[in-house]
Amino acid sequence: MSSAPSSLHSAPVWLAERLAAAGGWVPFRTYMDWALHDPVHGAYGAGRLRVGPAGDFATSPSLGPDFAELLLPQLLQWFQQQPAEAPLALIETGPGEGHLALQLAQGIAREAPELVVRLELVLVEPNPGMAERQRGLLADAPLRCCWQSFDELQASPRSGVMLAHEVLDALAVERVIWHNERWCLQGVALETGADGAAVLRLAAGPVLEDALRQELEALTPGPQRPDGWCTELHVGLRPWLEQAAQSLSSGQLLVIDYAHEAWRYYAAQRSRGTLMAYRNQQASDDPLLEPGQWDLTAHLCLETLERSALAAGWTPLGQRRQGEALLALGLAQRLHALQQGAPSELAELLSRREALLRFVDPAALGDFRWMAFARSPGSSQQPYFLQDPPLS
């Protein structure tokens, strides 16, 4: 379900006060950060959003253990490339409810018990409300667990693997608009409605600074955009990737997220960008709905991600759509094995089959991209997920 954005929205008291203190207008990036990560009012900061089929939105790990089971061989391949007996870390950034962390910990303890004594599960979660729920779920995990910030990790970098599953699409973005034949920042303005109440409106702001304008124009070749055409710039990617690189002394980073090539991302017909809001399994392209109550995300641009990663010291290993990656990791064989289940398990088997098919459905989760990077590549071995699918 999608609802078209309207021009004005009621402003909650906390946001009206903050906007008034800022002069009545802030860049969209600031608004997005407040709406998601404010520790009292933010959707994630306050722990308000719930991840899962019965929550606000579902992720691959929240649909059951099969996603983690398919991912596990890739992680073990990368761990095996590290020096024997060296301490290792599995670092998950933005771990949501903790489903993936728990499932991977259980899988590692079962499939590679020799790693348990030297492997620590490190969760990077900036939002206290989410971290509290993760601690409850991971209380009995078979790996040692700790919660650290990037600042803490940078003080003592680890070797191992870092995961960013549906994390980078939640980084606050700059929203830009073609307005009066100039590229401008788009932001959120505080106004007074007809009834005297405080209302919010998306509004053009200052002209885009030269560096961002040049970056955008390099990504948007082709015909002139019509007035009001808007899109996103992921200005938070490079700082995030720099922090991640300084937190991992050696190893790999796996980013799993929605992403488009620049020619698709900045196509002339994509006149409202990729920004979406989610709540209670509903989707909207209106980012001003009930600030602090909805998740806000923007797809990644593949070229922007790769350039930012290179500048931050990462070596790209390759990328693939999720459907292709999971087929390379044995999804077809897992689907076939479900046919051998006992009749008494039919309901569970059908649920798992539905989840597996959602993982590869281009209209569902199959259009995710898996993008791998190395911090200090010590092996030329191709990642499993980039290889051809195994023969059945």
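Quick rundown of the values:
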read-out	value
The range 224-343, Cα convex hull volume normalised per residue, Å³	200 Å³
Added length on full extension, which subtracts the Cα-Cα distance from 0.36 nm per residue, Ala364 to Glu261	35.2 nm
Overall form of the range 172-244 per C-alpha gyration tensor (a/c, 1.5; a/b vs b/c)	oblate
Förster radius 25 Å - calculated FRET efficiency between Glu354 and Arg270, Cβ distance, rounded to 0.05	0.25
Contour excess over end-to-end distance, with Cα ends at Gln281 and Asp227 and 0.36 nm allotted per residue	16.2 nm
Scattering curve values for the range 64-165, log₁₀ I(q)/I(0), Debye with Cα scatterers, q = 0.14, 0.16, 0.19, 0.22 Å⁻¹	-0.48, -0.64, -0.92, -1.24
Check: the chain dipole with +1 on Lys, Arg Cβ and -1 on Asp, Glu Cβ, in debye	280 debye
Local electrostatic count, Leu212, Cβ distance below 12 Å [Lys/Arg +1, Asp/Glu -1]	-3
Lys/Arg +1, Asp/Glu -1 at C-beta; the chain dipole; positive extreme among Phe57, Ser271, Leu72	Leu72
Mean ellipticity per residue at 222 nm, deg cm²/dmol - from DSSP H runs of n ≥ 4 across the chain, formula -39500 (n - 2.57)	-9500 deg cm²/dmol
Neighbourhood net charge (14 Å Cβ-Cβ; Lys/Arg +1, Asp/Glu -1) for Ser271	+2
Spin-label model distance (nm) - Gln214 vs Gln333, 7 Å beyond Cα toward Cβ	5.1 nm
Tilt relative to the chain, helix 210-219 - C-alpha long axis, 0 to 90 degrees, to 10	60 degrees
Sites Gln340 and Gln387 - FRET efficiency at Förster radius 25 Å, r taken between beta-carbons, to 0.05	0.45
Where a label projected 7 Å from the Cα of Ser149 along Cα→Cβ would reach, residues of the range 90-126 with amide N under 17 Å	93-95, 123-126
With at most 16 other Cβ atoms within 10 Å, longest stretch of the chain clear of loop trypsin sites (Lys or Arg not before Pro) (DSSP)	119-269
Rounded FRET efficiency, nearest 0.05, which uses the C-beta distance separating Arg110 from Ser156 and R0 of 30 Å	0.55
Using alpha-carbon coordinates, inclination of helix 99-111 to the longest axis of the chain, degrees	20 degrees
Length gained when the stretch Trp14-Ser249 is fully extended (0.36 nm per residue, less Cα-Cα span)	80.5 nm
Given charges at beta-carbon only (K, R positive; D, E negative), |dipole| of the range 64-165 in Debye	100 debye
Size descriptor, Kirkwood hydrodynamic radius, that averages inverse alpha-carbon separations across the chain, Å	22.2 Å
Around Leu253: net Lys/Arg minus Asp/Glu count, Cβ-Cβ under 13 Å	-2
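Read-outs throughout are calculated quantities, based only on the coordinates presented, and are distinct from any laboratory measurement. Just so it is clear, the structure is predicted and the values come from calculations on it, not from any experiment. Note that we place each Cβ from the backbone using ideal geometry, even for glycine, and neighbour counts take in every protein chain shown.
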